[in-house]
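Every number here is computed from the coordinates shown, using simple stated rules; none is lab data. These numbers come from a predicted model, not from an experiment. Virtual Cβ from ideal backbone geometry, glycine too; neighbours counted across all protein chains shown.
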Amino acid sequence: MNFQHIHKLMEELNKREFREELRQKIEDEFEIDYTYDSLALSGSSVTREEVKAILTALKNQEGGKK
């Protein structure tokens, strides 16, 4: 797969509109995976499920403060 093909796919994807729930789910999953991978690279033994639980708890806590 070359860069031009990837760029074309990205342009097509950016033209689409997603339901807010789907967009939020994609964003949440990306955040979980990014955090998990970053922690794993630094040698942490935290599991993906633990990262998800921590991030969910933090979001719930932040939501209660507003």
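What the phi angles of the range 41-51 give under the Karplus curve with 6.51, -1.76 and 1.60, with θ = phi - 60°, is a coupling list of 5, 8, x, 6, 9, 5, 7, 4, 5, 5, 4 Hz, glycine and proline written as x.
Show me 17-30, 44-57 ranked by packing, highest mean number of other Cβ atoms within 10 Å first.
Numbers: 17-30: 10.2, 44-57: 13.1.
Per-residue Cβ counts within 10 Å, averaged per peptide and sorted highest first, yield 44-57, 17-30.
Computed per residue of the chain from DSSP H runs no shorter than four, each worth -39500 (n - 2.57), the mean residue ellipticity at 222 nm is -27000 deg cm²/dmol.
What's the magnitude of the charge dipole for the range 18-65 around its Cα centre, counting Lys and Arg as +1 and Asp and Glu as -1 at the beta-carbon? Answer in Debye, nearest 20. Write down the numbers at each step before the final one.
Values: 7 positive and 11 negative charges, 26 e Å.
Around 120 debye, computed over the range 18-65.
One entry in [x] 1.48; [y] 1.10; [z] 1.27 is Cα Rg over 2.2 N^0.38 Å calculated from the shown coordinates; its label is [x].
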